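First up is the structure itself, then whatever we jot down about it.
FYI, it's all coordinate maths here, none of it is from the lab. What you are looking at is a predicted structure, and each value in this text was computed from that prediction instead of being measured. For neighbour counting, all protein chains shown are included, and Cβ atoms are generated from backbone atoms with ideal geometry for every residue, glycine included.
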Amino acid sequence: MPSTTTSKVSRWDQHGREHVVHVAKSGMQRMLTCDTCGWRKGAQFLPWLKAEEHLADVHQATVDPSAGSRPA
Ligand SMILES: [Zn+2]
């Protein structure tokens, strides 16, 4: 589980491009910022889940590079 105040969620799309949403602590909530499209959203709960939803919905990026158990 992420425990740092700043973090990021990265996913790859089917073209192998990396999309990153940064998660920064902002007062009571977390501020999400997408590197790819500039999308920003505040999230009080489960910011990582919201980041994953954005990456999947907008960028079709659902491959977790840290999973790493798939052979190339
Ligand atoms: Zn985006």
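Below are the figures for this structure:
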{"item": "Single unsatisfied condition, residue 57 versus (1) over 14 Å from residue 6 (Cβ atoms); (2) in contact with a strand residue (DSSP E or B) (Cβ under 9 Å, 6 or more places away or on another chain); (3) assigned to a helix (DSSP H, G or I)", "result": "(2)"}
{"item": "Qualifying positions in region 1-53 - of a type in the set (Gly, Ala, Ser), more than 16 Å from residue 65 (Cα to Cα) and out of contact with any Leu (no Cβ under 9 Å at 6 or more places or on another chain)", "result": "3, 26, 27, 38"}
